[in-house]
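Working notes, beginning with the structure itself.
The values are calculated or read from the model by the stated rules, or taken from the named source; none is laboratory data. Quick caveat: nothing in here was measured; it's all calculated off a predicted structure. Here the Cβ positions follow ideal geometry from the backbone for every residue, glycine too, while neighbour counts run over all protein chains shown.
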Amino acid sequence: MTHTSDHRSASSRSHRAVRLGGALLGLTSVCACGPLDASTPVQEATGAPATEHASRSVHLVAHPSRPTVDGAGSEIVSLHQASRRLAITSSDAGAFEVFDLSDPRRPRSIARNGLDLAEKEELTSLVVLPDGQHLALAIRDEPRGSGHRVEIRGLLDGALVARVPVGIEPDAVTASPDGSRLLVCDEAEDYWRATEAGYVSAPASLTVVDLSNGLAAASSERVALPNLSPEEARRMRGHGRSLERKVGGEMVMVPLERGDATQLEPEVAAFAPDGSFALATLQENNLVARIEFDPSRVVAYFDLGTNTGLFDVDDDGEVAFVTEMTGLREPDGIAIDPTGKFFVTADEGDTEPKASKSIPDLFAPGGRSVSVFDAATGELLGTTGDAIDRAAHAEGAYPDDRSDSKGSEPEMVTVFEGPGGTVWAAASLERANAVVLVDVTSPRAPRVVDVVAVRGPGPKAPEGIVHYLDARTGGHFLYTGNEVGGSLGVLEVVFD
């Protein structure tokens, strides 16, 4: 398939970081977001996927998933390495559950705590704090409600320690490595009425929760999201993307056309290893925000560009990776490597129209890839291209009924160090009910090593994913929150 639209070709060649403040408000071209130059050995779109399976030296082994008490809404996971404890949301029940990882292949449920939420409140995210004794939970209210908050509770007994207000509809919470602060993504994704000027949404924001004076004295500070530059706003409008939202009980398409906080939607955040900065995905806007502290502020937006490859874009009962597709990355999950030098995104996609209705004239939603970027500049370093869907198909996990939309859907991602200084990314594949393992030791040449289906009956829909290093044995494990399966996925990374 040949690209015929001029705006597609221009946009796929450009990749910009917008520095906010002072004299750096202009746009700086930092790299190409399509094919890289010859010195950057990434997966070729027309070649076979760079995939290794269990016969090779590094591979994934899936152990049976562990059921949760409530059996639904098991979406977000977080753990504390030293105490070998893991927490998982039970969003449908307004509760969280705690597992003991003493036997990492067979986690054992040791606590379940309800939150006594109001009717329209929802638990969206959690993070176990570095002390290993407490966790922070993000709770959203209805869009115009006043109950949007973070609660800090005891990990095992669920006792409430502090409650702090945050922005509208918090979707994710994460903690700095030293436990001195939390960062909350206030997505404000809902719209509630139409006016002559369009649909109305509250402004999104970030919230920094200060824990430096003790958990009981936690306080919060809202961080505004700066408007996009005029050029960035024009480019966003030119993509022709829309958001599918429920307004007045009906599903409507809301055009992405405003470059202000009412149409910016922060999704997931990650702290640098030294806590000096954080990054947050703005999925629907195809951006990553860089946040610095003291004072807390957004200092840059990184435009994530596009991914081009040969994909299956037809839900026709046959899998054929033959259609050239260029997709906006639109990542959900993000992780920063142990050095703080690069970040990795899981390029799920979340705008409309779907792929089969976007090509050839528009970018498709989602890169269907895992991508690596420079954490300081936002420069694209490397991408898995079209290798993930191919590897999922080789595993027998590729969801052809999602081909016309977003394929395997890389959802969340974690990055960890393996033996010999190697660096690895693992991403949950929500629609493939699987996990992909990517070697990112060479950031300019990320390599898909294995895809393995999460074990358990029926669809699992893994979303949250975390890495656990068993200090006693040196074993590496991955755990997923299986939203539909209502379970904790258990996988082992085997380094032969």
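When we screen SER242, SER219, SER205, SER229 for residues that are more than 19 Å from the chain's Cα centre (by Cα) and under 29 Å from VAL466 (Cα atoms), the only hit is SER219.
Taking region 229-268, which residues are in a strand (DSSP E or B) and among the small types (Gly, Ala, Ser)? If you could, list the steps in order and put the result at the bottom.
If we filter region 229-268 for residues that are in a strand (DSSP E or B), which is where we start, we get 242-247, 250-255, 266-268.
Within region 229-268, just SER242 meets the criteria.
Residue by residue, here is whether (1) within 20 Å of the chain's Cα centre (by Cα); (2) assigned to a strand (DSSP E or B) holds:
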residue: VAL452; (1), (2): yes, yes
residue: PRO457; (1), (2): no, no
residue: LYS460; (1), (2): yes, no
residue: LEU488; (1), (2): yes, yes
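The residues on offer are ALA261, ALA272, and the sole one that is within 18 Å of the chain's Cα centre (by Cα), at pLDDT 95 or above and crowded, with 18+ Cβ neighbours inside 10 Å is ALA272. Taking ARG431 as the residue in question, decide whether it is surrounded by fewer than 19 Cβ atoms within 10 Å (Cβ to Cβ), in contact (Cβ under 8 Å) with a residue 12 or more places away in the chain, in a loop (DSSP other than H, G, I, E, B) and in contact with a Ser or Thr (Cβ under 8 Å, 6 or more places away or on another chain). Against the criterion (surrounded by fewer than 19 Cβ atoms within 10 Å (Cβ to Cβ), in contact (Cβ under 8 Å) with a residue 12 or more places away in the chain, in a loop (DSSP other than H, G, I, E, B) and in contact with a Ser or Thr (Cβ under 8 Å, 6 or more places away or on another chain)), ARG431 does not qualify.
Residues are listed down the side, and each one gets a yes or a no for (1) more than 21 Å from ALA270 (Cα to Cα); (2) free of Cβ contacts under 8 Å to residues at least 12 places away in the same chain; (3) aliphatic (A, V, I, L, M); (4) not in a strand (DSSP E or B):
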site: VAL449; (1), (2), (3), (4): yes, no, yes, no
site: GLY464; (1), (2), (3), (4): no, no, no, no
site: ALA471; (1), (2), (3), (4): yes, no, yes, yes
site: VAL484; (1), (2), (3), (4): yes, no, yes, yes
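Scanning region 192-225 for residues that are more than 23 Å from ALA138 (Cβ to Cβ) and touching a residue at least 24 places away in the same chain (Cβ under 8 Å) yields ARG193, ALA194, GLY198, TYR199, VAL200.
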